[in-house]
Amino acid sequence: MTPRIVLAPMEGLVDAPMRDILTRIGGVDWCVSEFIRVTEGLLNLATIERIVPECRHGWKTRAGVSLRPQLLGSDAYWLGRNAALLAEMGAPAIDLNFGCPAKTVNRHRGGASLLREPDLLHSIVAAVRAATPASVPVTAKMRLGYSDTSQTLECARALADAGAAEIAVHARTKVDGYKPPAHWEWLARIRDAVSVPVIANGEVWTVEDYLRIREVSGCSDVMIGRGLIERPDLALQIQQHLQGQSSRPLDWSELQPWLLDFYRQTRERVVDRHAPGRMKQWLALLAKAYPEARELFDQLRRETDADAVAAALGQPAYSEVA
């Protein structure tokens, strides 16, 4: 099977404009949405379309890359009902979030906090699997545990035994957060413990990291999050490497049109007072690979006017292009 590269779900970072930009640059085989929180009751269409506008376009990004919606919660019944709703809307798969490390999510019994309850993991996946057509895969994303790895294999088995078709594993615990290193050796242990494919995730920043995580984990497929935000053409570089083609990173001048497009899309989705912060967030991450991004970030650090940010990016004022 051809190795696949997956764009990771990251709340507040990998939103629809970012998915559009990264999948058009290339190399991504499919992506997973930011989580859609489920409590009690059915989601309304406006909420779904706000988080996953791709649902209006065949659950694909503009580049034609498939998008899987992700649900987060702890109520097995309502997760099942909402998974069925998304399946009826044509979702190609349903992903379940058992990995989010955010404090607010974990305080409300969501994300990685559920890794302390393997039986509940099983109940949730089983309920979602039973509620959705057999043709719609149910997948899951987990971490190695909440504070340690004492229940890692038990959690992975619970997901697989309940019907998860694939399990993406971020090779750190919730308490680890995003602190290096990622413990790639655990991915191989999880692969040995379950009969379903495991997708490797964590600390992939370069083509060399990608090759190494596959070697250590034995996983064919790799999910990349922050590495793709910092180096937007990383998936394309990996794809070209696998095809035996030479490649070079995008230089700053080649990246600038993508920044302009991202900011334009962001301003279409959020009120102007929030758009500068979203742009500065990406520039701060790009700064690790692009010195020019650091210079631009420093220039805009205290800027709150959306048109001023647009001008610094070389973009006309919004009123001139609306």
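The values are calculated or read from the model by the stated rules, or taken from the named source; none is laboratory data. These numbers were taken from a predicted model, which means no experiment stands behind them. Cβ: placed from backbone, ideal geometry, glycine included. Neighbour counts: every protein chain shown.
Here are the numbers for the structure shown:
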quantity: Out of Ala160, Ala188, Ala164, sole residue that is under 19 Å from Arg68 (Cβ atoms) and not in a loop (DSSP other than H, G, I, E, B); calculated: Ala160
quantity: Candidate set: the stretch 248-298, residues that are basic (Lys, Arg) and closer than 18 Å to Ala308 by Cβ; chosen: the one modelled with the lowest pLDDT; calculated: Arg273
quantity: Among the candidates Ala63, Ala8, Ala46, Ala16, residue that is at pLDDT 95 or above and crowded, with 23+ Cβ neighbours inside 10 Å; calculated: Ala8
quantity: Complete set of residues in the stretch 217-247 that are part of a loop (DSSP other than H, G, I, E, B), touching a His at 6+ places or on another chain (Cβ under 9 Å) and modelled with pLDDT of 95 or more; calculated: Gly225
quantity: Flag for Leu85 being over 20 Å from Arg157 (Cα atoms) and over 17 Å from the mean Cα position of the chain (by Cα); calculated: yes
quantity: Residue match in the stretch 202-210 (condition: among the β-branched types (Val, Ile, Thr) and part of a loop (DSSP other than H, G, I, E, B)); calculated: yes
quantity: Qualifying residues in the stretch 80-90 (those that are of a type in the set (A, V, I, L, M) and buried (at least 23 other Cβ atoms within 10 Å of the Cβ)) - the one nearest to Thr132 (Cα to Cα); calculated: Ala83
quantity: Residue within the stretch 146-156 that is over 18 Å from Gly80 (Cα atoms), assigned to a strand (DSSP E or B) and among the aliphatic types (A, V, I, L, M) present; calculated: no
quantity: Residue that is nearest to Ala112 (Cα to Cα), among those in the stretch 158-173 that are buried (at least 18 other Cβ atoms within 10 Å of the Cβ) and over 16 Å from the mean Cα position of the chain (by Cα); calculated: Thr173
quantity: Matching residues in the stretch 106-123 - criterion: being in contact with a Ser or Thr (Cβ under 7 Å, 6 or more places away or on another chain) and either of a type outside the set (Gly, Ala, Ser) or assigned to a helix (DSSP H, G or I) (or both); calculated: Asn106, Arg109, Leu114, Leu120
quantity: Test for Leu121: is it surrounded by 19 or more Cβ atoms within 10 Å (Cβ to Cβ) and within 20 Å of Ser220 (Cβ to Cβ); calculated: no
quantity: Subset of the stretch 19-48 [part of a helix (DSSP H, G or I) and either in contact (Cβ under 8 Å) with a residue 24 or more places away in the chain or in contact with a helix residue (DSSP H, G or I) (Cβ under 6 Å, 6 or more places away or on another chain) (or both)]; calculated: Arg19, Asp20, Ile21, Leu22, Thr23, Arg24, Ile25, Ile48
quantity: Residues that are surrounded by fewer than 24 Cβ atoms within 10 Å (Cβ to Cβ) and either hydrophobic (A, V, I, L, M, F, W, C) or under 16 Å from Ala140 (Cβ atoms) (or both), drawn from the stretch 102-115; calculated: Ala102, Val105, Gly110, Ser113
quantity: Selection status of Leu86, in a helix (DSSP H, G or I) and in the same structural domain as Gln237 (by TED's automatic domain parsing); calculated: yes
quantity: Filter pass, Arg278 being crowded, with 16+ Cβ neighbours inside 10 Å and among the charged types (D, E, K, R); calculated: yes
